[in-house]
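One structure below.
The values are calculated or read from the model by the stated rules, or taken from the named source; none is laboratory data. Since this is a predicted model, take the numbers as computed values, not measurements. Positions of Cβ are backbone-derived with ideal geometry, glycine not excepted, and every protein chain shown enters the neighbour counts.
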Amino acid sequence: MDARIPAGPLDDKWTDYKGHCKLVNPANKRKLEVIIIGTGLAGASAAASLGELGYKVKAFCFQDSPRRAHSIAAQGGINAAKNYQNDGDSVFRLFYDTIKGGDYRAREANVHRLAEVSANIIDQCVAQGVPFAREYGGLLSNRSFGGTQVQRTFYAAGQTGQQLLIGAYQALERQVALGNVKMYSRHEMLEVVIIDGKTRGIIARNLVTGELERHFGHAVLLCSGGYGNVFYLSTNAMGSNVTAAWKAHKAGAYFGNPCFTQIHPTCIPVSGDHQSKLTLMSESLRNDGRIWVPKKQGDNRRPNEIPEEERDYYLERRYPAFGNLVPRDVASRAAKERCDAGYGVGSSKQAVYLDYAAAIERYGKIEAGKQGNDNVGKDEIIKMGKEVVKEKYGNLFDMYEKITGENPYEVPMRIYPAVHYTMGGLWVDYELMTTVPGLYALGEANFSDHGANRLGASALMQGLADGYFVIPYTIGNYLADEIRTAPIPTSHPAFEAAEKSVSDRLNTLMNIKGKQTVESLHKRLGKIMWDKCGMARNKQGLEEAIKEIQQLKKEFWSDVKIPGGINELNPELDKAGRVADFIELGELMCKDALEREESCGGHFREESQSEDGEALRHDDRFMYVAAWEYKGDHNWQLHKEELVYDVVKPSTRSYK
Amino acid sequence: MEHYNMNLTLKVWRQKNQSDRGQFETYKVSNISSEMSFLEMFDVLNEELIQEGKDPIAFDHDCREGICGMCSMYIDGKPHGPWQENTTCQLHMRAFKDGDTITVEPWRANAFPVLKDLVTDRTAFDRIIQAGGFISVNTGNAVDANALPIEKAKADDAFAAAACIGCGACVAACKNSSALLFVGAKVAHLGLLPQGEPERKERVLNMVAQMDKEGFGACTSTGACEATCPKGISISNINRLNKEYLVASLVSEK
Amino acid sequence: MRLLAFVPYFCSDFLTHNLVSMTWKQVFTSSVGRKLTMGLTGIFLILFLVVHAGLNACIWANDGGVMFNKAAHFMGATIVIRILEIGLFVFIFIHIIQGLILEASNRSKRGTPYAVNYGNRGSKWYSRSMGLLGTLVLLFLILHWIHFWIPSRFTGTPEVTYDNKTYHDLFTLMKEIFAELWVVIVYVLGCISLGYHLAHGFQSAFRSLGVHNKKYNNMLTSLGYGFAVIVPLAFAMMPVSMYLGWVS
C-alpha cells in the first residue's frame, strides 16, 4: 500500500507538498466538474472551497437541506493549536496528543498536517461569522476537553457543530447563488461510475420522485460521514448511512480499519425496545461530574439514599491520575465492566451515575467566597452552585430532563456508553484519494487521522481541515492531468450499466415482498454487532457474529417487506437499501476485528488485556492499517499499510 | 420517573403527493410507553401499518436530538407539540395521557408545499440564505481569529440568533405564514458581528426580497413565532431586521 | 431613493445575488415596507388621538361647552391645522388601504387551513385580529364623520355666540346625538375596538420602525397598554357622560 506521503522531515511535508503540487489554471477549472456526496462539515466546506476556486461543483445530500447534515449535532468544540491561552500548546503537541490518543494507529504525516491547518480553521470560521464563545475582553474563549492538558478547544456553548456547519452551509449557499455549485438535496448516491479505471460520475436517486439520475464528474468526493448506525442504536442521525462509501468500496475502494468504532461514555441510557436512537451528553460534563455506582451489587435504593461511603467512584479509584477525565474508550469500558459485574443502576441496570452534587457544592462555595460572605448556609451555597452549573451546562441538563423526565440538578444523571463515531472508513492516501483514481473520501468517511480512537473535539477539526484546506490543493494535483478530458456524455455504456445495476437492485428489493420489516432486520443486525463487535470483542463471538450476519443477509434478501413503490417518496425503500449495505459492512467489521488480535483504542479484544484488565497492544504484529479489498460476496482480501513512526515513539497509554 | 402505558387515537394528515388533495386518517395505537418519543410512537404505528400492508406515514426526521431542524409536525394545533422550546423529536409521550386524541398536520404554508403526508418542501429557506445569508469570505482569506475583538454581549446576541435550526416552525405558527423570524435571526446574527458589516445593507434588502418572492406573508408582530420557536429565538430579531431594512433603504442611493 | 412607481416591480426577477435597491415602490409593496408604512401612519394617528382626546376633554369643564366650542373653533380656524387635517386624511387612507391589502395578502399565504388552530397559546387574539378590529373602527369612524365632521364642514351645525363672535355649537350637537341610547352603545363599542386595536398597534408600530432594544420595547409595551386603555376610555366616557347628563 502506497500512501504517497511526501518525503522530507515531518514538519515540512505539507509545506513542500503545497509548493510542488500541480496547479490548474482558472480557465481550466471552469471546465472541470467535481461531484461531492454529503454536505456535512467536510462536504459543505469542500463544496464551498472548490466552488470559490472556480470548479463546477455538484453537491448531493439525502436530507431536505444541506444544513441538516449530522455534523450539526456535535456539541463540545473544535481543537486548534492556537495557543491563545499561553499554556504551552503547539502544532507538535496537538499532533502528539492526536497520535497518542489514537493509540498509535494513525499516520504521522496526515495527523501533523491536521495539526498544522487547525489554526487556519478557526480564522476561517470566525471570518464567516461563527459566533464562538468569547471572554469579556472580546477575545475567543477556550476550554480543555477530553483530558488534554492544554486549553485548545474553541466552542459555541453546546452547539459548536451546529455553528460550524451553518458557517460552511452559508459559504456553500453563497456558491450556489453565484452559480458555482449546484445543489441536489433529497438525492442519494447509489453507484459510482468508473470508466477506464478512473471515477467519472455517479448514479443518484431523487428521493422525492424515485427517478434515477446520471451525473458526470472528473472527480467524486465522498463526504458521507460515518457508519455508526450499523449498530442500529447510536448517536448518529437516523439517516446516517454507509451506502455511498459502501458503493465505492464495492467499486474498488479499499475499506480501512472498519472495526475501529468509538463508544462514547456519556450518553442517555436505553429506556426500552422502542428506542430508535441514543442521545449524547457532551463529554464536557465529565469535567465537573463524578461517575459512580453503588458498592453493593443490585442496589435498588434511590441514588440520594446511598451514603457516600457506599458509593464506588470507580474511575477515580482505577485511574487516580486522570480520574473522571480518562479518554472515551477507557471510560466506556470501565462503565461496561461495572454494569456487567452487576453494579449497574436504573431500571435496566445498564447505566451508571454522573453526579453533580459535589460540583454544585464546590461552585457554590466559590461563589460565596467571591461575595466575601463566610456565613452562608448550605442551602444558599447549593442554590448558588446550581446557578453556576446552569450557566455552564444548562442546555445539556435541559436536554436530559426533556428525555428522561428527571431533574439532574436534584438527582444524579444516568449515563451509559453508546456508539458515537467510526474511526474506520475508506482507505485514503495522503491526498485523500481512495484506491480508485479520482475518488476521494473526506471527514469521517475516511479512516485517516484518528487511529484507533478519536480525541474529543477532533472530528470537527478533521472534517473542516479536509474540506477547507487539504482537498483544494490535493485535488488540483489530480485534476491538472484531466484538463484534456472533455465531459463524458452520460449516455456512455458505463453510465448505462451502472444505472441498470441500481434499478435492478431496487426492483429486486421491491419484489421480495417478504414478511419482515426493514426496521426489525436492522434491529437484529444492531444487536449482533453490539453484543459481539461492540465495546469488547472476542474470537468466538466474532466468528459467531459473522455466521449470524451471513444468515441475516440471506433472510434480508428473501424475506424483507417494503411497502409502496419505487417512483415515489418512499422512506422505507431508502432505508432498505441502507440496511442491506450495513449488513455487508457488519460482516467486514467483524472480520477486521477478528483479524486484529490486539486491543488498541476503541477496539478491545478480551484475549489481549493486561492483568488488571487494561488494553494490550501488539505493535510488533499489528502496527498497520488494515485495508480491505472487496472480492465478491463474503469475500475480502486484506492489504496492510505499515505505519512508520519517525517522530513519535509509541508507548503504552497510561492514565493511572 | 414513573412511566405508564397509554392507548391513543391519532388523526394524521395523509396526502399521496404534491398534487393530491389529502385528507385525515384516524389510527389507534395501543400500549404506548410514556418514555417513548413522539416519533418513536410514529415508528411503532408505521411498523404496524407495514405489517397490515398499508402505506406507512411519511414524515421528516433525522438527528432526533433537536438540532438538525428536519422534524416538523404540527401537533394539536401547535408546531412541535405542547412543550415549550422543543422540537417534535424531543417531545416525549409523557406529555399525553391515556385516551387522548392527537391531531397531526404538516406545516401549512404555500411556500412549504406538502410533498407527501407530513413531509414538506422547505428549500425556500435555502434560497433565502442564498440571497444574502452569508459573509463573503473565500477560504484562505481570513485574518487571525483574535485580530478583531468582539464585544461579548454582541457575540452572545449573535449566538442566540444563530441558534436557529431552520425548521420552519415560525412559519407554521404565524397566521400570516411569515418567515420573518427566520430571516430576522440570520440578519441579526450576521449584522451584529463586525465581519458581517460590509454586506449588511444589501443582505437585509436581498433576503427580504427573496422571502417575499417565495410567497411568505408579512409580519404583523403577533408573537406566535417566538412562542413556538424550539430554540427560543427572540422576536426582537425581527425588530432589528426592521431597523436594518429602514436604514438600508434610507441610505441606498438608488 | 428614487421614485420608480412607473417601473414595473421587477426586482424579484433580478438574480438573487444582485443588490436590490429600495425604491419608493418597495416601501409600499415589500412585506417589511408595508408594515413600515402601517407603523408610521399608525403613530401619526396615535398622535392625532392625543390631540383629539385632549380637546374633547374640554366638555368636562362644566361651563356649558364654552371652552370646548372655542377649542374646536381654534382647531378649525388655523391654516396649519387645516393642512394637517389633509395629512391626517391621507394617512388614514394609506393606513386603511395598506392594512386591507396586507390582511388580504397575508390571508392568501397559508393555502390549506389547519384543522386545529394555535389559538391563544402563542399570541393574543387582538394581535391576530387587527384587520377585523381596524374594520370595526373604520365603520365607527364613518358614523362619527356623519355625526360631526360633515355637519361642521359642510351641512352646518347649531351656532352659538360668545363675546360677539359666532361659533359652531358642537357641544349642543353632541348633546343631541348622544341622547340616543343606540348611538352611545355604538360609540362605546367603537372605542373598545379602538382600544384593542391600539393594544397591539401601539407597540407593534415601534417594532416595525426597528426598536429592538429590550429596555425600550418593554417600556413601549407598557406605555402602549396604558394608552390603549386610557385614551379609548376617555373617548367612551364622552357619550356616556352626555347621555347620563354628567355634563351640563
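Under the condition of being aromatic (Phe, Trp, Tyr) and out of contact with any Leu (no Cβ under 7 Å at 6 or more places or on another chain), which residue from the stretch B:18-49 is surrounded by the fewest Cβ atoms within 10 Å (Cβ to Cβ)?
Narrowing the stretch B:18-49 to residues aromatic (Phe, Trp, Tyr): B:24, B:27, B:38, B:42.
Restricting the remaining residues to those that are out of contact with any Leu (no Cβ under 7 Å at 6 or more places or on another chain) gives B:24, B:42.
Values: B:Phe24: 13, B:Phe42: 24.
If we take residues in the stretch B:18-49 being aromatic (Phe, Trp, Tyr) and out of contact with any Leu (no Cβ under 7 Å at 6 or more places or on another chain), then B:Phe24 is surrounded by the fewest Cβ atoms within 10 Å (Cβ to Cβ).
Pick out the one residue from B:Ile50, B:Ile102, B:Ile57, B:Ile150 that is β-branched (Val, Ile, Thr), in a loop (DSSP other than H, G, I, E, B), modelled with pLDDT of 95 or more and not assigned by TED's automatic domain parsing to the domain that holds B:Leu190.
Details: B:Ile50 fails: in a loop (DSSP other than H, G, I, E, B); B:Ile102 fails: in a loop (DSSP other than H, G, I, E, B); B:Ile150 fails: not assigned by TED's automatic domain parsing to the domain that holds B:Leu190.
Result: B:Ile57 is the single residue among B:Ile50, B:Ile102, B:Ile57, B:Ile150 that is β-branched (Val, Ile, Thr), in a loop (DSSP other than H, G, I, E, B), modelled with pLDDT of 95 or more and not assigned by TED's automatic domain parsing to the domain that holds B:Leu190.
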Worksheet, complete the sentence: Of the conditions (1) free of Cβ contacts under 8 Å to residues at least 24 places away in the same chain; (2) over 17 Å from B:Val143 (Cα atoms), the single one that A:Thr160 does not satisfy is (1)
Discussion item. So, in the stretch B:79-113, how many residues would count as being at the interface with another protein chain (Cβ under 8 Å from one of its Cβ atoms), buried (at least 24 other Cβ atoms within 10 Å of the Cβ) and of a type in the set (A, V, I, L, M, F, W, C)?
Written reply: 2
Worksheet item: Of these, C:Ser208, C:Ser248, which one is hydroxyl-bearing (Ser, Thr, Tyr) and crowded, with 20+ Cβ neighbours inside 10 Å?
Response: C:Ser208
Response to the item:
Within the stretch A:339-354, the residues that are surrounded by fewer than 21 Cβ atoms within 10 Å (Cβ to Cβ) and within 22 Å of A:Asn287 (Cβ to Cβ) are none
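For every residue, the table says whether it meets (1) more than 22 Å from A:Pro563 (Cβ to Cβ); (2) in contact with a Pro (Cβ under 8 Å, 6 or more places away or on another chain); (3) facing another protein chain (nearest Cβ under 7 Å); (4) not hydroxyl-bearing (Ser, Thr, Tyr).
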site	(1), (2), (3), (4)
B:His3	yes, no, no, yes
B:Trp13	no, yes, no, yes
B:Phe42	no, no, no, yes
B:Asp62	no, no, yes, yes
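Yes/no per residue for (1) of a type in the set (Phe, Trp, Tyr); (2) within 14 Å of chain B (Cβ to nearest Cβ):
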{"residue": "A:Glu543", "(1), (2)": "no, no"}
{"residue": "A:Ile549", "(1), (2)": "no, no"}
{"residue": "A:Lys553", "(1), (2)": "no, no"}
{"residue": "A:Trp557", "(1), (2)": "yes, no"}
{"residue": "A:Lys575", "(1), (2)": "no, yes"}
{"residue": "A:Asp581", "(1), (2)": "no, no"}
{"residue": "A:Arg596", "(1), (2)": "no, no"}
{"residue": "A:Cys600", "(1), (2)": "no, no"}
Practice prompt. Select from the stretch B:114-156 the residues that are β-branched (Val, Ile, Thr) and either touching a residue at least 24 places away in the same chain (Cβ under 8 Å) or more than 8 Å from chain A (Cβ to nearest Cβ) (or both) and list them in ascending order.
Written response: B:Val114, B:Val119, B:Thr120, B:Ile128, B:Ile129, B:Ile135, B:Val137, B:Ile150
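Taking into account only those residues within the stretch C:78-104 that are without any contact (Cβ under 8 Å) to a residue 40 or more places away in the chain and within 14 Å of chain B (Cβ to nearest Cβ), which is nearest to C:Phe140 (Cα to Cα)?
At the first step, the residues of the stretch C:78-104 found to be without any contact (Cβ under 8 Å) to a residue 40 or more places away in the chain are C:78-86, C:89-90, C:93, C:97, C:100, C:103-104.
With the extra rule that they be within 14 Å of chain B (Cβ to nearest Cβ), the set shrinks to C:100, C:103-104.
Details: C:Leu100: 16, C:Glu103: 19, C:Ala104: 21 Å.
Among those that are without any contact (Cβ under 8 Å) to a residue 40 or more places away in the chain and within 14 Å of chain B (Cβ to nearest Cβ), it is C:Leu100.
With the structure loaded, tell me whether A:Tyr473 is under 30 Å from A:Glu116 (Cα atoms) and in contact with a Gly (Cβ under 8 Å, 6 or more places away or on another chain) or whether it fails that test.
Details: under 30 Å from A:Glu116 (Cα atoms): yes; in contact with a Gly (Cβ under 8 Å, 6 or more places away or on another chain): no.
No: the conditions fail for A:Tyr473.
Each row is one residue, and each column tells you yes or no for (1) within 24 Å of B:Cys229 (Cβ to Cβ); (2) touching a Ser or Thr at 6+ places or on another chain (Cβ under 6 Å); (3) at pLDDT below 95; (4) surrounded by 12 or more Cβ atoms within 10 Å (Cβ to Cβ).
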site: C:Phe91; (1), (2), (3), (4): no, yes, no, yes
site: C:Ile96; (1), (2), (3), (4): no, no, no, yes
site: C:Leu133; (1), (2), (3), (4): no, yes, no, yes
site: C:Leu136; (1), (2), (3), (4): no, yes, no, yes
site: C:Pro151; (1), (2), (3), (4): no, yes, yes, yes
site: C:Phe154; (1), (2), (3), (4): no, no, yes, no
site: C:Pro158; (1), (2), (3), (4): no, yes, yes, yes
Item to complete: Please verify whether the stretch C:33-52 includes one or more residues that are within 27 Å of B:Val204 (Cβ to Cβ), more than 11 Å from chain B (Cβ to nearest Cβ) and of a type in the set (Gly, Ala, Ser).
Response: yes
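Return yes when C:Phe74 is within 18 Å of C:Phe171 (Cβ to Cβ) and either within 14 Å of chain B (Cβ to nearest Cβ) or without any contact (Cβ under 8 Å) to a residue 40 or more places away in the chain (or both) and no when it is not. Don't jump to the end; show me each part of the working.
Numbers: within 18 Å of C:Phe171 (Cβ to Cβ): yes; either within 14 Å of chain B (Cβ to nearest Cβ) or without any contact (Cβ under 8 Å) to a residue 40 or more places away in the chain (or both): yes.
So C:Phe74 fits the description; yes.
I'm trying to understand the selection: among the residues of the stretch A:620-651, which are in a strand (DSSP E or B) and of a type in the set (A, V, I, L, M, F, W, C)?
At the first step, the residues of the stretch A:620-651 found to be in a strand (DSSP E or B) are A:624-632, A:635-642.
Scanning the stretch A:620-651 gives A:Val625, A:Ala626, A:Ala627, A:Trp628, A:Trp636, A:Leu638.
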Item to complete: Within the stretch A:126-145, identify whether any single residue is assigned to a helix (DSSP H, G or I), of a type in the set (Asp, Glu), over 30 Å from B:Arg64 (Cβ atoms) and facing chain B (nearest Cβ under 10 Å), and answer yes or no.
Response: no
Fill in: Pairs, first farther than 20 Å from C:Val188 by Cβ in the stretch C:218-234, second part of a helix (DSSP H, G or I), C-beta under 6 Å, six or more apart
C:Leu220/C:Gln203; C:Leu220/C:Phe206; C:Thr221/C:Gln203; C:Gly224/C:Phe202; C:Gly224/C:Gln203
Worksheet entry | Number of positions in the stretch B:13-47 that are over 15 Å from B:Leu91 (Cβ atoms), in contact with a Ser or Thr (Cβ under 7 Å, 6 or more places away or on another chain) and part of a helix (DSSP H, G or I) | 1
Practice prompt. Looking only at the stretch B:129-143, decide whether some residue is in contact with an Asp or Glu (Cβ under 6 Å, 6 or more places away or on another chain) and closer than 30 Å to B:Ser19 by Cα.
Written response: yes
Discussion item. Tell me yes or no: at least one residue of the stretch A:250-268 is in a helix (DSSP H, G or I) and under 30 Å from A:Ile549 (Cβ atoms).
Written reply: yes
Worksheet item: Taking A:Ser599 and the conditions (1) crowded, with 22+ Cβ neighbours inside 10 Å; (2) touching a residue at least 60 places away in the same chain (Cβ under 8 Å); (3) farther than 26 Å from A:His522 by Cα; (4) not hydrophobic (A, V, I, L, M, F, W, C), which numbered condition does it fall short on, given that it satisfies the others?
Response: (2)
